[in-house]
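Chemist: One structure, as structure tokens, below. Some questions next.
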Amino acid sequence: MKKLLAVLSCLTICLSFAACGTKDDSSAEKVESKASVESSVEESEVSTDVSEGKTIQDFIDENKETFDVLKDALKDSGMEMDILARENSLVYTYKYTTDVGDTETVKAALDQGLESQKDTFVQVLDSLKLAVPTTESVIVEYLDMDGNVITSGEFK
């Protein structure tokens, strides 16, 4: 179960990158980067132990190393990621570190990516509920470099 949540989280993040990636990276670099992240995440164990009163913040704290691997994978992508608890939701926030240009075009591409990954995010939610039964949703937010929301999706 621990590996399943790690792989699903990694897959979710990697597939989210595909929605906002640039075209100037070579396919070999993308595959190598994705394989590196997946390998790192698979090597770390994500805690899915259910304990009474466990919160999403407890889950994030227990899995800090795994989430740090995901954050580090974005260093040179023009984005940074944060994972946080918001009430009973796990929130993935992606913030562009450079100007995105035409926000409407970026929004359309991100919305399409969120829709195509809906099942993956729901699987992440289902796995998370095993560790933190009070979890209500997984939220994915994309922000411009000024912190304004470009688009977001909530998966229940």
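Chemist: Neighbour counts of other C-beta atoms within 10 Å: give me ASP102, ASP144, ASP68 arranged from fewest to most.
Modeler: Arranged by neighbour count, lowest to highest, ASP102, ASP144, ASP68 become ASP102, ASP68, ASP144.
Chemist: Let me know the number of lysine pairs in segment 61-156 closer than 15 Å at the Cα, not counting same-chain pairs under 8 apart.
Modeler: 5
The numbers here are math on the coordinates, done by the rules we state, and not lab data. Note that this is a predicted model, so its numbers are computed, not measured. Cβ sites come from the backbone with ideal geometry, for glycine too, and all protein chains shown count toward neighbours.
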